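What follows is calculated from the coordinates using simple rules that are stated; it is not laboratory data. Since the model is a prediction, treat every value here as computed from it, not as a measurement. Positions of Cβ are generated from backbone atoms using ideal geometry, with glycine treated the same way; all protein chains shown enter the neighbour counts.
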Amino acid sequence: MVCETVFVVGFTVILTLQFAAQSAEFPVTAVAFLICAVLVGIWMAATVVGLLRARAWTRGSVLTYHFLQLAVGVGSVQGFVPRPDIASWIIIPSVAGIVLILTPTLVDYLSERD
């Protein structure tokens with residue numbers, strides 16, 4: 001999850017720099033996309049902090065993120081312009097994240113209450 005968070009935050013920084021350097025063809029769409037990327041970066045950073053502190057709510061956050069990511073991956077296989085090569089880079093980490101967050105060791109670790 002930490003690697004995914006670093007990737008999303010890095011992508012958001014690059015997207016922001018690109019948006020500042022060049023004018024977008026559809027500026028409203030570009031701003032909306034940038035806002036969504038920032039919100040996802042904040043969400044993932046909060047989830048990573050929660051995981052490091054062993055908070056129980058993080059299991060739901062991780063599952064939600066990975067199921068949304070899985071939906072995007074499946075959509076890129078079946079979409080208007082199917083891209084199975086890109087879909088595999090999205091689906092594999094999603095399934096791995098779902099499987100890992102549901103392993104008994106991690107469930108026990110995150111189930112401990114303060």
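The calculated pair-distance distribution of the chain uses every alpha carbon pair, bins of 10 angstrom beginning at 0, and gives 13, 35, 34, 14, 4, 0 percent. Contact order for the stretch 1-53, expressed relative to its length and based on alpha carbon pairs under 8 Å spaced 6+ residues apart, stands at 57 percent. FRET efficiency for the Val49 to Trp89 pair, using the beta carbon distance and R₀ = 30 Å, is estimated at 0.70. Using a 10 angstrom Cβ neighbour count of at most 15 plus a DSSP loop assignment to flag exposed chymotrypsin sites (Phe, Trp or Tyr not before Pro), which longest range of the chain is free of such sites? Looking at the chain, 1-56 is the longest stretch - no exposed chymotrypsin sites (Phe, Trp or Tyr not before Pro) with at most 15 other Cβ atoms within 10 Å.
Taken about its Cα centre, the chain carries a charge dipole of roughly 120 debye when the Cβ of each Lys and Arg holds +1 and the Cβ of each Asp and Glu holds -1. Here the extension length gained between Phe67 and Val81 equals 2.9 nm, from 0.36 nm per residue of separation less the Cα-Cα distance. Between Ala56 and Phe7, the FRET efficiency estimated from the beta carbon spacing at R0 = 25 angstrom works out to 0.45.
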